[in-house]
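Trainee: Pasting a structure here, questions to come.
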Amino acid sequence: HRHALPSNPDDPRSRNNVALLRNQLGELLGAEDELRPLVELASPAPMTLIHFAHALLGQQRYKEAVPPLRRCLASDSSPSLQLQAHLRLGQAYNGLRQTEEAAAHYGEALKLDPQSEPARAFFQHPR
């Protein structure tokens with residue numbers, strides 16, 4: 001898979017695509033490695049921040065996932081990316097046992113998508 005879409009260090013789109021593939025394959029450390037240089041830019045793409053946080057959350061690195069997700073929310077991102085950021089922040093804060101913060105973000109997710117299964121599940125069975 002890595003040879004099918006070689007990563008070009010100078011091409012953010014290529015790095016993002018490789019990272020997405022690695023996330024889907026469960027290669028979370030590899031995805032993190034692909035995205036870290038992009039996240040460290042002054043203005044990374046909101047989707048890059050989401051993918052990076054996904055890789056961190058998959059490794060149960062909840063505290064580290066919060067800043068990129070907050071950056072995504074602070075950016076001028078689409079409602080679907082805002083939804084993704086709120087859901088992942090809910091997951092991160094839930095993992096950190098910060099239930100009030102998790103509930104706040106899952107609540108924001110429900111405002112954006114009242115049918116959101118992860119958000120609805122949180123309120124039906126809070127952890």
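The values are calculated or read from the model by the stated rules, or taken from the named source; none is laboratory data. Everything numeric in this text was worked out from a predicted model, so none of it was measured. Cβ: placed from backbone, ideal geometry, glycine included. Neighbour counts: every protein chain shown. To get the accessible areas, we keep the full protein, side chains included, count just its heavy atoms, and leave off ligands, DNA and RNA. Shrake-Rupley method; radii C 1.70, N 1.55, O 1.52, S 1.80 Å.
Trainee: Residue pairs, Cβ under 8 Å, 6 or more apart or interchain, first in the stretch 53-76 and aromatic (Phe, Trp, Tyr), second open to solvent by 50 Å² or more (accessible area, probe 1.4 Å). List them.
Mentor: Listed by first residue and then by second, the contacts come to 62/91; 62/96.
Trainee: Let me ask you something else. Would you call residue 34 more than 19 Å from residue 87 (Cβ to Cβ) and open to solvent by less than 70 Å² (accessible area, probe 1.4 Å)?
Mentor: On the way: more than 19 Å from residue 87 (Cβ to Cβ): yes; open to solvent by less than 70 Å² (accessible area, probe 1.4 Å): yes.
Yes.
Trainee: Would you call residue 88 among the charged types (D, E, K, R) and surrounded by fewer than 18 Cβ atoms within 10 Å (Cβ to Cβ)?
Mentor: Values: among the charged types (D, E, K, R): yes; surrounded by fewer than 18 Cβ atoms within 10 Å (Cβ to Cβ): no.
Here the answer is no, as residue 88 does not meet what is asked.
Trainee: Considering only the stretch 102-111, I want to know if a residue exists there that is more than 13 Å from the chain's Cα centre (by Cα), over 28 Å from residue 11 (Cβ atoms) and open to solvent by 60 Å² or more (accessible area, probe 1.4 Å).
Mentor: Within the stretch 102-111, one or more residues are more than 13 Å from the chain's Cα centre (by Cα), over 28 Å from residue 11 (Cβ atoms) and open to solvent by 60 Å² or more (accessible area, probe 1.4 Å).
Trainee: Got a sec? Which of 19, 65, 53, 45 is crowded, with 18+ Cβ neighbours inside 10 Å, at pLDDT below 80 and within 25 Å of residue 109 (Cβ to Cβ)? Step through it out loud before you land on a result.
Mentor: On the way: 65 fails: at pLDDT below 80; 53 fails: at pLDDT below 80; 45 fails: at pLDDT below 80.
The unique qualifying residue is 19.
Trainee: Also, I was wondering about something else. Would you be able to tell me the number of residues in the stretch 68-82 that are within 11 Å of the chain's Cα centre (by Cα), over 17 Å from residue 101 (Cβ atoms) and open to solvent by 70 Å² or more (accessible area, probe 1.4 Å)?
Mentor: 0
Trainee: Now a separate question. Quick check on the stretch 67-74. Is at least one of its residues among the small types (Gly, Ala, Ser), part of a helix (DSSP H, G or I) and within 26 Å of residue 29 (Cβ to Cβ)? Show your work before the answer.
Mentor: Within the stretch 67-74, the first condition is being among the small types (Gly, Ala, Ser), and the residues that meet it are 74.
Subsequent filtering for residues that are part of a helix (DSSP H, G or I) retains 74.
Those still in the list that are within 26 Å of residue 29 (Cβ to Cβ) too: none.
Checked the stretch 67-74: no residue is among the small types (Gly, Ala, Ser), part of a helix (DSSP H, G or I) and within 26 Å of residue 29 (Cβ to Cβ).
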